[in-house]
Amino acid sequence: ESHMEEGFLLSIQGQLRECKASILNPNVDYRNKAAVRSMAEVSSHAVTVLSFIQNLVEGHHADRQVFMLEQPGLAGTTNLVKEVATLYTALFEHVEPILTTLMDD
């Protein structure tokens, strides 16, 4: 069972990192409408992942909360708080200004 649990955490971590990497991609030209649509899709996916995590920690799944906090029986630990914080930073520092600029145009 610990392999499933570890896979669960690593999957969430992977989703968070994938969203962040897409948002921070320096090769994207946000003057291009296709790139903006892609950014909107990535941002929407990021919000979905963050909402999932929010539901896990709001008291709906107490056993998941304990597991995510203590991560018993796993070879290493996954710092989801750090992963969530870096994704939020990417969203607010990179996506929000792009959207604001597009709305002003």
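So here's what we get for this one:
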{"item": "Cα-based shape type of the range 1-94, given that a ≥ b ≥ c are square roots of the gyration tensor eigenvalues and the cut on a/c is 1.5", "result": "prolate"}
{"item": "Anisotropy class of the range 9-49 from Cα gyration tensor, a/c 1.5 cut", "result": "oblate"}
{"item": "Using a Förster distance of 30 Å, the FRET efficiency for His60-Thr89 (Cβ separation, nearest 0.05)", "result": "0.70"}
{"item": "Å² of accessible area per residue within the chain, as computed with a 1.4 Å probe and no ligands counted", "result": "67 Å²"}
{"item": "Kyte-Doolittle at least -0.5, axis length at least 24 Å by Cα - qualifying DSSP helices, the chain", "result": "2-23, 33-57"}
{"item": "Net charge of Cβ neighbours under 15 Å - reference Leu24; Lys, Arg +1; Asp, Glu -1", "result": "-3"}
{"item": "Helix-only mean residue ellipticity at 222 nm for the chain, each DSSP H run of n ≥ 4 adding -39500 (n - 2.57), per residue, nearest 500", "result": "-24000 deg cm²/dmol"}
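The values are calculated or read from the model by the stated rules, or taken from the named source; none is laboratory data. Remember, it's a predicted structure, so these values are computed and weren't measured experimentally. Virtual Cβ from ideal backbone geometry, glycine too; neighbours counted across all protein chains shown. For accessibility, only protein heavy atoms count, side chains too; no ligands or nucleic acids. Shrake-Rupley method; radii C 1.70, N 1.55, O 1.52, S 1.80 Å.
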